[in-house]
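See below for the structure under consideration.
The values are calculated or read from the model by the stated rules, or taken from the named source; none is laboratory data. Predicted model only: the values in this text are computed from it and were never measured. Neighbour counts are summed over all protein chains in view; Cβ atoms, including those assigned to glycine, are modelled from backbone coordinates with ideal geometry. The protein model used for the area step is the full one, side chains on, heavy atoms only, and it has no ligands, DNA or RNA in it. Shrake-Rupley method; radii C 1.70, N 1.55, O 1.52, S 1.80 Å.
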Amino acid sequence: GDSSVALQAQEEIIEMKDVFSVKLKRRRFAGQKNGGTLLGITIFKCLNKEENKLTDCAIHLNNLSEDHCQSWFRHLKEILNGFQNRPKSLKVFVNPSSHKREATNIYYEKVAPLFKLADIKTDVTVTEYEGHALSVLKECELQAFDGVVCVGGDGSVSEVAHGLLLRAQIDAGKDTDYVSKPVRASVPLGVIPAGTTNILAHTLYGIKHAVTATLHIIMGHIEAVDVCTFSTPSKLLRFGFSAMFGFGARTLALAEKHRWMPSSQRKDFAFIKTLADLKPEECELSFLPLQVPQEDTHEKDRITLLYLGSKDQWQKIQGHFLNVSIMAIPCLCSMAPRGLAPNTRLNNGSMALIVVQNTSRTEFIKHLKRYTSAKNQFNFPFVETYTVQEVKVQPRLKSGPDAKENVCLNAEGNYPWNIDGDLMKEASEVHVRVHPQLIDLYGVNTDDLESSQVTCNCI
C-alpha cells in the first residue's frame, strides 16, 4: 500500500516444503550488528534451477509493522520446525587433502553460510590423517547430532560411512570382528562432493554441486540405502557400497604409489600403465543369486558356470578375469553418466556382480568406452552380469614358472581391492554381503515429501 507505482495484484504460492529459512529484514548502518529499521521478512527458498541442480533464492515481503512481521515470522518458523527430517545440529568432517585441496574452501565459502542461514548448529572436524574421522566417530556423542556430514571425496565418505556403521555395532554391543547381521546407523549421512570422481554424491544428487548437496541436507531429503559388508572368513574388513577386484583395484593401487603427482595426472598415469600391462587374474567366484535372468542361464564359451540346484543355492564361476565389480548402488559419475552398475538401485536389497573375462586389450577398451556413452557396456560376449545377495572372491595363486604372472600381488602377498575409492589389501578370500537399507543418506526421494503451503498476497 505504500508503493508510489500502482501495480496489478498478482498472487504467488510458495510451498513450505521448498522453504528452508525465514528472517526478519532490517536496514542497518555500517558496523551495526543489532537492531535497525524493520523492513519486513525474507523467505529463503530452495529452487530447482535446472535438472538435478538446486540453488537458493530470497523472497522479500515488505511491511513496517513490528507486530505484523513478528506474527508472520513466528508462524512460518513453526511450520518449518514441523519438518521432522530437517537437521538442527550436524557433525561435520572436512578432508583438506581431497582433490585439489579445495574441500576447506568449499565448506566455509559455500556450505557453512547456508547451514547458518538455516539455523543449523555445526561441530566441525578438519581431518589431519587417514582414519581421523573414524577415530572421532568411535568416541563422539552422536546422540547430540541429527546427522553427520562429510566434505571430501569417495575415500573420505567411505571412511565416515564405515565409522558410522561401526559405531552403531559398538553401541548395540555386537562383536565388530565379524558382523553377520549389522544394525542400522543411528543418524543420516550427508555427502558434500569435494573429490575427483565423487561417485556417491553423483548417485545421490545426479550432479557434483556443493550447493545442491547442502540444500538436500538442509531440506532433510532422506532415503534408506543398502550397504555391503566386506569380510574375510575371520574378520570384518569394511562397510561400503561398491568394490572392484582386478583392473579397477590395480589401477587404484598404482595411483596410490604416485601420491606425489597431482590427482588427475596420477590417475591418468595409473589407468594407462595398468591398461598397458593388462593381464587377467585367475580366481573363483561363488555367489548367491537373487534372481537368474533368462539370458544368463545358458553356458557361455569362455566361462565354467556350475549350477548347484535351485536359485537359493550358491553358484560358482572359475576362470581368468580382467575385472570383477560388486556394487549395491548404481555408482554414477561424470565419466559414467548411466552408472557403473545401471541396473542396480539404492535400496532394492541386491548387488550387481559384473565379471569381465579375459579378452584382448582392444576389446576391453571398447567395453570401457561404452561407460561414457548411452550404449550398453555389458553387451559383449566376455562380460557377465548377475543380480546377487552374496559373493565370495577367492584368488588362485600360480606356482612354478608361471608364478611371475601373479600381477595383483604386492610384496606382502596381498591382493588390492578398490572399495568405494579406498584402497584395501587382503590375501585371503573376501566375502561380500548386501544388507538392505542399513544407512540413511541425504539427497534422494525429494518428490514424496509432505507438502505444506502458504499463500502470500501482500502483508
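Quick one: which of GLY339, GLY349 is over 25 Å from CYS283 (Cβ atoms), open to solvent by less than 30 Å² (accessible area, probe 1.4 Å) and in contact (Cβ under 8 Å) with a residue 24 or more places away in the chain? Outline the logic, then answer.
Details: GLY339 fails: over 25 Å from CYS283 (Cβ atoms).
Of the residues listed, the single one that is over 25 Å from CYS283 (Cβ atoms), open to solvent by less than 30 Å² (accessible area, probe 1.4 Å) and in contact (Cβ under 8 Å) with a residue 24 or more places away in the chain is GLY349.
So which strands (runs of 3 or more DSSP E) are wholly in the range 199-268 and hold at least 3 residues that are among the hydroxyl-bearing types (Ser, Thr, Tyr)?
By residue number, no strands (runs of 3 or more DSSP E) qualify.
Among the residues that make up the range 331-353, is at least one of them of a type in the set (D, E, K, R), outside any loop (DSSP other than H, G, I, E, B) and assigned by the TED database to the domain that holds ALA276?
Step one: of the range 331-353, the residues of a type in the set (D, E, K, R) are 338, 345.
In the following step, the residues that additionally are outside any loop (DSSP other than H, G, I, E, B) were identified as none.
There is no residue in the range 331-353 that is of a type in the set (D, E, K, R), outside any loop (DSSP other than H, G, I, E, B) and assigned by the TED database to the domain that holds ALA276.
Taking the condition of being over 16 Å from ALA243 (Cα atoms) and not hydroxyl-bearing (Ser, Thr, Tyr), how many residues in the range 344-390 meet it?
Step one: filter the range 344-390 for residues over 16 Å from ALA243 (Cα atoms), giving 347-349, 357-384.
Still in the running and not hydroxyl-bearing (Ser, Thr, Tyr): 347-349, 357-358, 361, 363-370, 374-384.
Final tally of qualifying residues: 25.
Within the range 73-96, the set of residues being open to solvent by 50 Å² or more (accessible area, probe 1.4 Å) and without any contact (Cβ under 8 Å) to a residue 40 or more places away in the chain comprises ARG74, HIS75, GLU78, ASN81. Listed by first and then second residue, the pairs with beta-carbon distance under 6 Å, at least 6 apart or on different chains, first residue in the range 170-197 and open to solvent by 10 Å² or more (accessible area, probe 1.4 Å), second in a loop (DSSP other than H, G, I, E, B) and of a type in the set (S, T, N, Q), form an empty list.
Evaluating PHE83 against the criteria (1) in a loop (DSSP other than H, G, I, E, B); (2) among the hydrophobic types (A, V, I, L, M, F, W, C); (3) within 18 Å of the chain's Cα centre (by Cα) leaves one unmet condition, (3).
For GLY147, the stated conditions do not hold, so it cannot be described as small (Gly, Ala, Ser), closer than 30 Å to MET261 by Cβ and open to solvent by less than 40 Å² (accessible area, probe 1.4 Å). For the range 257-285, taking the residues that are open to solvent by less than 40 Å² (accessible area, probe 1.4 Å) and of a type in the set (Asp, Glu), the one that is nearest to ILE317 (Cα to Cα) is identified as GLU284. Could you please let me know if SER89 is over 25 Å from ILE14 (Cα atoms) and of a type in the set (Ser, Thr, Tyr)? In short, yes. Looking at LYS45, LYS25, LYS49, LYS33, just one residue is part of a strand (DSSP E or B) and at pLDDT below 85, and that residue is LYS49.
If you check LEU254 against the conditions, is it hydrophobic (A, V, I, L, M, F, W, C) and not assigned by the TED database to the domain that holds VAL383? Here the answer is no, as LEU254 does not meet what is asked. Which of (1) open to solvent by less than 10 Å² (accessible area, probe 1.4 Å); (2) modelled with pLDDT of 90 or more does HIS216 not meet, given it meets every other one? Just one mismatch for HIS216, condition (1).
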